[in-house]
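The values are calculated or read from the model by the stated rules, or taken from the named source; none is laboratory data. Just so it is clear, the model here is predicted, and its values are computed rather than measured. When we count neighbours, we look across all protein chains shown, and the Cβ atoms used for this are built from the backbone with ideal geometry, even at glycine.
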Amino acid sequence: MTAKPTETFMFSPEIETMARPQLAALQLEKLKKIVRHAYDNVAHYRQRFDAAGVSPDDLKTLDDIQRFPFTTKDDLRGHYPFGMFAVPREQVIRVHASSGTTGKPTVVGYTREDLDVWSEVMARSLACMGARPGDFVHNAYGYGLFTGGLGAHYGAERLGCTVTPVSGGNTERQIVLMKDFEAQVLCSTPSYALHIAEVAEKTGVDIKGGPLRVGVFGAEPWSENLRHELDARLGIKAVDIYGLSEIIGPGVAAECIEARAGLHGWEDCFLFEVIDPETGDPVLHGEQGELVITTLAKWAQPMIRYRTRDITRLTDEPCACGRTHARILRVTGRNDDMLIIRGVNVYPSQVEAHLLGLPSIEPHYQLVIQREGSMDTMTVEVEAKLGVPVDQYPSIAKKVANHVKAMVGVTCRAVVLTPGEVPRSQGKAVRVRDLRPKAI
Ligand code: DLL
């Protein structure tokens, strides 16, 4: 396979451009099989479907899935570690687990066939984002229980790339390797990519003028402004990739480099719905809500109507790249990431969108949440650019607070810290420091 980086290139063109009615027929065929497999092999699904009075035989159209109960992270936790497996444990050849900040982690298992599907959707995603066979891929996603490292790794190999399996950390060494190996593609969280750019600038290494072309950035919410910042500081096109361990890992959806306007969700492998998180009812087509995903090709651990908690919108408007798979619009954050500050709902990524690009401050920030009386308050910690005199910090802070109030509608305090003071991340950035008293 050869293709110039600037030409549209698809890893599986016949699937990626399939006419939508044909795609829907394929989804229905696969849906029937996977729901039957889940019912026959997982006690949890059988009990839940029976209790809801639905059977796999009820699936006559794709909309019939709406009659089936949702699956949640708590269901996975409740069946820790292997209770949601739908095949004998010996056929599960890999497990991953999500960190789980509270309680038990959630475990996910893969058969050989599942890993094959994962590599396929990741290869497709990388090609869609502008990676090409023969490219050098610098993979700074963490290797281990987190799905980022191995997911990107196998996908890049499947596409025919050369992979540097560097994982996160030791940023100066990362930069040396990227430079010496002439990497064309960088895979990392967007926050870590920003740190890489910053360290390269500090150590005088010119990444911007080099062969690096594409940034495969995801695993955390990020804003258009951060995209512009990364484009400019690394001399690349920064492209968004989405996924979650419970479903498969990275590669559930990816933006195309042509449009960079929403992520194509691979609908031959996943069925997407958007629901009202309060009522569980489907929202009108194109409206915002919680993304619900059913895996159409995952045998070790099928997920039927998994509630991701991720807030987004779906569109199946035609895309400039020619792919027909519907697009998930940028995920602004999880339901549970939403803060209520003095009665106003706000996601950290909304604040980010308006902080970046302000003069005198670096694009690093943290939101500190405290409780005052019955109200939650927010302090935005930002960082001054090198060389900005300290006596200007209070006036910059005032401008930041006013700007956030004007753009996001939230009253907050702002504090300007000295360069380097906001913690940097090697994986997912910690955007919120929650200092509220914990409920006992
Ligand atoms: O973060 C998988 C991944 C790895 C995706 C590398 C992309 C790149 P988890 O650790 O299970 O899996 O976290 C999944 O992260 O439900 C979202 O809330 C968030 N997330 C992932 N990608 C994006 C994105 C990986 N592009 C959770 N934009 C998901 C916004 C994202 N949020």
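The table that follows gives values for the structure above.
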{"read-out": "Residue pairs meeting the criteria (Cβ under 6 Å; at least 6 apart or on separate chains; first at positive phi, in region 361-388; second surrounded by 12 or more Cβ atoms within 10 Å (Cβ to Cβ) and in a strand (DSSP E or B))", "value": "none"}
{"read-out": "Filter result for the condition that a residue is in a strand (DSSP E or B), modelled with pLDDT of 95 or more and either touching a helix residue (DSSP H, G or I) at 6+ places or on another chain (Cβ under 7 Å) or among the hydrophobic types (A, V, I, L, M, F, W, C) (or both), over Val388, Val382", "value": "Val382"}
{"read-out": "Test result for Ala25, of a type in the set (Gly, Ala, Ser) and assigned to a loop (DSSP other than H, G, I, E, B)", "value": "no"}
{"read-out": "Only listed residue being in a helix (DSSP H, G or I) and at pLDDT below 95, chosen from Asp74, Asp50, Asp64, Asp40", "value": "Asp74"}
{"read-out": "Selection status of Glu14, part of a helix (DSSP H, G or I) and either modelled with pLDDT of 95 or more or more than 21 Å from Thr61 (Cα to Cα) (or both)", "value": "yes"}
{"read-out": "Residues within region 166-186 that are crowded, with 16+ Cβ neighbours inside 10 Å and in a loop (DSSP other than H, G, I, E, B), tallied", "value": "5"}
{"read-out": "Among the residues listed as Gly160, Gly169, Gly134, the single one being away from the ligand (no atom under 14 Å from the Cβ), more than 18 Å from the chain's Cα centre (by Cα) and at pLDDT below 95", "value": "Gly169"}
{"read-out": "Test for Ala193: is it surrounded by 24 or more Cβ atoms within 10 Å (Cβ to Cβ), in a helix (DSSP H, G or I), in the same structural domain as Asp231 (by TED's automatic domain parsing) and under 17 Å from the mean Cα position of the chain (by Cα)", "value": "yes"}
{"read-out": "Residue among Arg342, Arg233, Arg323 that alone is among the charged types (D, E, K, R), away from the ligand (no atom under 16 Å from the Cβ) and crowded, with 23+ Cβ neighbours inside 10 Å", "value": "Arg323"}
{"read-out": "For Gly148: the one exception among (1) surrounded by fewer than 21 Cβ atoms within 10 Å (Cβ to Cβ); (2) assigned to a helix (DSSP H, G or I); (3) of a type outside the set (Ser, Thr, Tyr)", "value": "(1)"}
{"read-out": "Residues located in region 137-156, provided they are under 23 Å from Gly210 (Cβ atoms) and either more than 16 Å from the ligand (Cβ to nearest atom) or of a type in the set (A, V, I, L, M, F, W, C) (or both)", "value": "Val137, Ala140, Ala152, Ala156"}
{"read-out": "Answer from Ala131, Ala86 - the residue that is surrounded by 15 or more Cβ atoms within 10 Å (Cβ to Cβ), assigned by TED's automatic domain parsing to the domain that holds Lys179, under 30 Å from Arg20 (Cβ atoms) and small (Gly, Ala, Ser)", "value": "Ala131"}
{"read-out": "Among residues of region 194-228, those that are of a type in the set (Ser, Thr, Tyr) and farther than 22 Å from Ala429 by Cα, counted", "value": "1"}
{"read-out": "Qualifying strands (runs of 3 or more DSSP E) (wholly inside region 203-305; at least 3 residues being more than 27 Å from Thr8 (Cα to Cα) and not aliphatic (A, V, I, L, M))", "value": "289-295"}
{"read-out": "Qualifying residue in region 192-204 (condition: away from the ligand (no atom under 16 Å from the Cβ) and within 18 Å of Gly155 (Cβ to Cβ))", "value": "no"}
{"read-out": "Test: Gly420 is touching a strand residue (DSSP E or B) at 6+ places or on another chain (Cβ under 8 Å), of a type in the set (Gly, Ala, Ser) and either assigned to a strand (DSSP E or B) or on the phi > 0 side of the Ramachandran plot (or both)", "value": "yes"}
{"read-out": "Unique match (being away from the ligand (no atom under 14 Å from the Cβ), under 24 Å from Gly130 (Cα atoms), at pLDDT 95 or above and among the β-branched types (Val, Ile, Thr)) among Ile275, Ile248, Ile241, Ile257", "value": "Ile257"}
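Here's the yes/no breakdown for (1) among the small types (Gly, Ala, Ser); (2) buried (at least 16 other Cβ atoms within 10 Å of the Cβ):
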| site | (1), (2) |
| --- | --- |
| His354 | no, yes |
| His364 | no, yes |
| Pro389 | no, no |
| Lys398 | no, no |
| Val404 | no, yes |
| Val410 | no, yes |
| Ala414 | yes, yes |
| Leu417 | no, yes |
